[in-house]
Amino acid sequence: MTEIVALKNISKHFGTVIGVDNVSLTVEQGEFVTLLGPSGCGKSTLLRMIGGFEEPTQGGVVISGKDVTHLPPNKRPVNIVFQDYALFPHMSVGKNVGYGLRVGGMRRTEVAERASDALELVGLADRFDAKPHELSGGQRQRVALARAVVRQPKVLLLDEPLSALDANLREAMQVELKRLQRKVGLTFIMVTHDQTEALALSDRVIVMREGRVMQDGTPDVLYDRPSSSYVAGFIGTTNLFQGQVRGETLHALGHQLLVPKGLAPDGSMLTFGFRPEKAEILPLDAAAKGTLPATVTDILYHGNSARIVVDVSGVSLSIDQTIAGARHGSGLPEIGDRVQIAISPDRIMVLADEVAA
Amino acid sequence: MTLLETTSAAVISTQSVSRKPRRWGTRLGWSVTIGAILAFLYVPIAVLVLFSFNTSRSLSWPMEGLTLDWYRKLAGNEQLIEAVGNSFYVATCSTILTLVIGVPAALALDRLSFSGKGAFRKLVLLPIALPGIITGISMLILFRMVGFTLSLETVIIGHATALLAVVVTQVYARLQRLPRSYEEASADLGASGLQTFFFVTLPNIRSAVIGAGLLSFTLSFDEIPVTFFLTGRDNTLPMYIWSTMRRGLTPEINAVGALIVAFSAVLIVLSVILMRDKPGAR
């Protein structure tokens, strides 16, 4: 694999405010990388520095082997899809898509041809002459994509591309986006605050907080082995608790849990966690080792599963239990029931808090 | 326009609610008020146009008869025709000059951040608040100092300074509503700064530029104080009218007035057509 984008110790200050704080990362050719974080974490600023809309205060941007740190957007081999799509309202869809080729000096007939090919790619070949305001939100989104890919950039940047769409459409567009990326084989760098979107689309997710990278990894690594309680909390739901490891026992919540050897250094107080679906609820009389006695406090029914909230020594934990279709209801405990919780030992996560990756 | 629509709307609703006598009174009151406002605005113009067709020289009612003599006389009045020509020349040049300076100034105000921007903005807008006499005298003094000969060109410069505020305010207001992402997208797609301005920015602020241009043209066309101080031997139309008025009101002046009214009406219609913001239209 070849490296297509490299950010080298990049920082961006806005007056006294630090937008991006010493970030280094590389993106490989053909990868779908997502910058994930809450608003104000610096992810958009980072994207805008790759696009050329902001100049870094420190550090450099290299795209396909060339230092572009001080080049304006029109001199960079990248294209961006804006959050509001930024389709030119006075031009037809076809003119919008062909704009980048036209200003590059391509002949009118060839521009029209390439523009309709690009529209074909996103399934909008029949809307060539429509004006942007005549299109639906999803169609506008696709025109913006076509306009960005028509110049065959080295990297496609997407700034919250799906946030302007309603929930149903968003899911359909996720599929579309992934399909398009596979088809054109382009490198995608997306910015989002939506963790489901990030997990569903990306080859790699970079979680950011306050201008810094918290963790950089594949979606399953982020989900199964988050490095901090921040990442664990941002991606999916996590039950967090404090504890101390001694050999193969974890002393936590006033009880003892079984853990694999060498999970964490002996004796030090650490934060541990597990995902709601990695634990099981057993009746109180079931014979089991290393379980936690608990009281059921809430049950949230989700159709194919239920989230059962239990209390263990004053700490509230969530556990997801799948519901056996035939015996509806019978598999679930009731509020107030005394139960025991069995957590799969190899699913317990150790979270190094406040330490950046 | 809106006033007319309001009246007709009021008339229609008068009919539709006529079964309720109490509200009928209120409706009638409104119609009368609106009629009075319209009369206040337009009766003088109607009188002017009407008397331009009067056979008699005296401005007394009833009119004696209708004639086109005064218009015929106008056509033969070389001084007047020259004045009209001068006015067109001055208004056109000062409008173009104002747009050429004003649009980039508005862009700078909106897009760039530089120290003293707030002060710059206020200073650009100040001339509109200054009485024309002050602009006229101060520019006269300046031109004398520099040694310029007074001419229509000095008038153009004088008008342009006063009109700059009009263009900058209007274009700036429109730019503020234009999403910055349009220009960013254009740059991202490889366009140079000039390409972005002509292909993306200008088409989207077009109606504001045309509106400001037409307003500048009209203001320059009938401007007297600044012109009075800055013109040489040439006269513009308002100056000519004003100077002939010393010999009394003549139907000939009415005829000029009527022609100006007609011309203004054409300008208004033109501006309405040009400024219609059809979303997406080129």
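Just give the residues from the stretch B:160-189 buried by at least 30 square angstrom of accessible area in the all-chains context relative to the isolated chain, probe 1.4 Å, and say none if nothing qualifies.
The answer is B:SER181, B:TYR182, B:GLU184, B:ALA185, B:ALA187, B:ASP188, B:LEU189.
Taking amide H positions as placed in the peptide plane 1.01 Å from N, state which residues far from A:VAL68 in sequence (5 or more) or on other chains have amide H under 5 Å from it.
Result for A:VAL68 returns A:VAL61, A:VAL62, A:ILE63.
Can you list the lysines whose alpha carbon is less than 19 Å from that of A:LYS178, not counting same-chain residues fewer than 8 positions off?
A:LYS154
What residue among B:ALA83, B:PRO62, B:MET145 has its Cα farthest toward the positive end of the dipole of the stretch B:58-146, where the charges are +1 on Lys, Arg and -1 on Asp, Glu, each on the Cβ?
B:MET145
Nearest 100 Å², what total accessible surface is buried between chain B and chain A (probe 1.4 Å)?
Working: alone 17150 and 16990 Å², together 32160 Å².
Interface area, both chains combined: 2000 Å², rounded to the nearest 100.
What residues qualify as long-range amide H neighbours of A:ASP21, i.e. H under 5 Å apart, gap of 5 or more or another chain, H built at 1.01 Å from N?
It is A:LYS12, A:ARG212, by chain and number.
If you place +1 on the Cβ of every Lys and Arg and -1 on the Cβ of every Asp and Glu, how big does the dipole about the Cα centre of the protein assembly as shown come out, in debye to the nearest 20? Before the final figure, lay out each step's value.
On the way: 60 positive and 55 negative charges, 384 e Å.
Here the size comes out at about 1840 debye.
What would the Debye formula give as log10 I(q)/I(0) at q = 0.06, 0.07 Å⁻¹ for the alpha-carbon point model of the protein assembly as shown, no solvent?
Debye output, listed in q order: -0.59, -0.72.
Residues of the stretch B:78-275: accessible area per residue at 1.4 Å, in Å²? Kindly include the intermediate steps, with their values, before the conclusion.
On the way: 9680 Å² over 198 residues.
With the other protein chains kept in place, the stretch B:78-275 gives 49 Å² per residue.
Can you give the accessible area of A:LYS75 in Å² (nearest 10), computed on protein heavy atoms with a 1.4 Å probe?
120
How many partner chain Cβ atoms sit within 10 Å of a residue's Cβ in peptide A:125-132, on average, as a whole number? Please list the in-between numbers first.
Details: counts 0, 0, 0, 0, 0, 1, 5, 2.
For this peptide, the per-residue mean of nearby foreign Cβ atoms is 1.
With a 10 Å cut-off between alpha carbons and a GNM built on chain B, which of B:PRO251, B:PRO131, B:PRO62 moves the most?
Top of the fluctuation ranking is B:PRO62.
How shielded is A:67-79 by partner chains, expressed as the average number of their Cβ atoms within 10 Å of its Cβ atoms?
If you average over the peptide's residues, the count of other-chain Cβ atoms is 3.
Got a number for carbon plus sulfur as a percent of chain B's accessible area, 1.4 Å probe? Walk me through the numbers before you get to the answer.
On the way: 11240 of 16120 Å².
Looking at chain B in its full context, I get 70 percent from C and S.
Could you give the angle, 0 to 90 degrees to the nearest 10, between helix A:137-149's Cα long axis and the longest principal axis of the Cα atoms of chain A?
The answer is roughly 60 degrees.
Using the per-residue mean of other Cβ atoms lying within 10 Å as a proxy for protection, in what order, highest first, do the peptides B:153-161, B:262-270, B:227-235 fall? Don't skip to the end; give the middle numbers.
Details: B:153-161: 23.0, B:262-270: 12.1, B:227-235: 19.1.
Top to bottom by mean Cβ count within 10 Å: B:153-161, B:227-235, B:262-270.
Over the stretch A:94-197, give the accessible area per residue in Å² for a 1.4 Å probe, as an integer. Could you put the intermediate results ahead of the total?
Numbers: 4630 Å² over 104 residues.
Result: 45 Å² per residue.
What does the charge dipole of the stretch A:3-229 about its Cα centre add up to, to the nearest 20 debye, if the Cβ of each Lys and Arg holds +1 and the Cβ of each Asp and Glu holds -1? It would help to have the intermediate numbers written out before the result.
Values: 28 positive and 27 negative charges, 143 e Å.
Charge dipole, the stretch A:3-229, about its Cα centre: 680 debye, nearest 20.
Are there DSSP H segments in chain B that both extend 30 Å or more along their axis (alpha-carbon positions) and score a mean Kyte-Doolittle hydropathy of at least -0.5? List them, or say none.
Working: long enough: B:21-51 (42 Å, 1.20); B:78-111 (49 Å, 1.01); B:152-177 (37 Å, 1.00); B:251-275 (35 Å, 2.22).
The qualifying helices are B:21-51, B:78-111, B:152-177, B:251-275.
Please build a GNM for chain A, connecting alpha carbons under 10 Å apart, and tell me which residue among A:GLY185, A:GLY19, A:GLY104 fluctuates the most.
Looking only at A:GLY185, A:GLY19, A:GLY104, the largest GNM fluctuation is found for A:GLY104.
Tally the DSSP beta bridges in the stretch A:3-229 and give the antiparallel ones as a percent, rounded to 5. Before the final figure, lay out the partial values.
Working: 20 of 38 bridges.
About 55 percent, rounded to the nearest 5.
With angles folded into 0 to 90 degrees, how steeply does helix A:93-102 sit against the dominant principal axis of chain A? Use alpha carbons for both and round to 10.
So the inclination is approximately 70 degrees.
Antiparallel versus total DSSP beta bridges in the protein assembly as shown: what percent is that, nearest 5? Write out the running numbers ahead of the final one.
On the way: 61 of 79 bridges.
Beta bridges within the protein assembly as shown, antiparallel portion: roughly 75 percent.
Which whole number gives the average, over all residues in A:80-90, of C-beta atoms from other chains lying within 10 Å of the residue C-beta? Could you put the intermediate results ahead of the total?
Values: counts 6, 2, 7, 1, 4, 2, 11, 4, 9, 11, 13.
That average works out to 6.
Where the accessible area of the stretch A:93-169 is counted over protein heavy atoms with a 1.4 Å probe, how much of it, in %, is carbon and sulfur?
Details: 1440 of 3370 Å².
That share works out to 43 percent.
Using a Gaussian network for chain B with springs between C-alpha atoms less than 10 Å apart, which of these wobbles most: B:GLY257, B:GLY116, B:GLY25?
Of B:GLY257, B:GLY116, B:GLY25, the most mobile in the Gaussian network model is B:GLY25.
Report, in degrees rounded to the nearest 10, the 0 to 90 angle that the Cα long axis of helix A:167-184 makes with the longest principal axis of chain A.
Tilt of helix A:167-184: around 60 degrees.
In terms of solvent-accessible area of protein heavy atoms at a 1.4 angstrom probe, what is the ranking of A:THR249, A:THR187, highest value first? Could the numbers behind the result be given before it?
Values: A:THR249 40, A:THR187 0 Å².
In descending accessible area the options line up as A:THR249, A:THR187.
Separation between the A:THR297 and A:ALA164 pseudo-spin-labels, each 7 Å from Cα along Cα→Cβ, expressed in nm?
4.3
Could you pull out every residue, at least 5 positions away or on a different chain, whose amide H is within less than 5 Å of the one on A:GLY42? Hs are placed 1.01 Å off N in the peptide plane, and Pro or chain starts have none.
Amide H to amide H, under 5 Å and 5 or more residues apart or across chains, A:GLY42 pairs with A:GLY211.
Students sometimes get this wrong: rank B:ILE141, A:ILE323 by accessible area, probe 1.4 Å, all chains present, largest first.
On the way: B:ILE141 95, A:ILE323 35 Å².
From most accessible down to least: B:ILE141, A:ILE323.
With all protein chains present and a 1.4 Å probe, how do A:MET106, A:MET214 order by accessible area, largest first?
On the way: A:MET106 40, A:MET214 15 Å².
Output order, biggest surface exposure first: A:MET106, A:MET214.
Could you please report the charge total around A:GLY65, scoring K, R as +1 and D, E as -1 over all other residues with beta-carbon less than 11 angstrom from its beta-carbon? Working shown, then result.
Values: positive: A:LYS66, A:LYS154; negative: A:GLU3, A:ASP67.
Overall, the nearby charge balance is 0.
Where only protein heavy atoms count, and the probe is 1.4 Å, what is the accessible area per residue for the stretch A:237-351 in Å²? Could the numbers behind the result be given before it?
On the way: 5910 Å² over 115 residues.
On a per-residue basis, 51 Å².
To the nearest 10 square angstrom, how much accessible area does B:MET145 have with a 1.4 angstrom probe?
150
Cα-Cα over 24 Å: which of A:LYS75/B:LYS117; A:LYS66/A:LYS95; A:LYS43/A:LYS66? Display every interim value, and only then the final one.
Working: A:LYS75/B:LYS117 29 Å; A:LYS66/A:LYS95 31 Å; A:LYS43/A:LYS66 22 Å.
In this structure, A:LYS75/B:LYS117; A:LYS66/A:LYS95 exceed 24 Å between Cα atoms.
Using a 1.4 Å probe on the protein heavy atoms only, what accessible surface does B:SER56 show? Give it in Å² to the nearest 10.
B:SER56 has an accessible surface of roughly 20 Å² with all protein chains in place.
The values are calculated or read from the model by the stated rules, or taken from the named source; none is laboratory data. Note that the structure is a prediction, hence the values are computed from the model and not measured. In this analysis, Cβ positions are derived from the backbone assuming ideal geometry, glycine residues included, and neighbour counts consider all displayed protein chains. Surface accessibility is based on the protein's heavy atoms, side chains included, excluding ligands, DNA and RNA. Shrake-Rupley method; radii C 1.70, N 1.55, O 1.52, S 1.80 Å.
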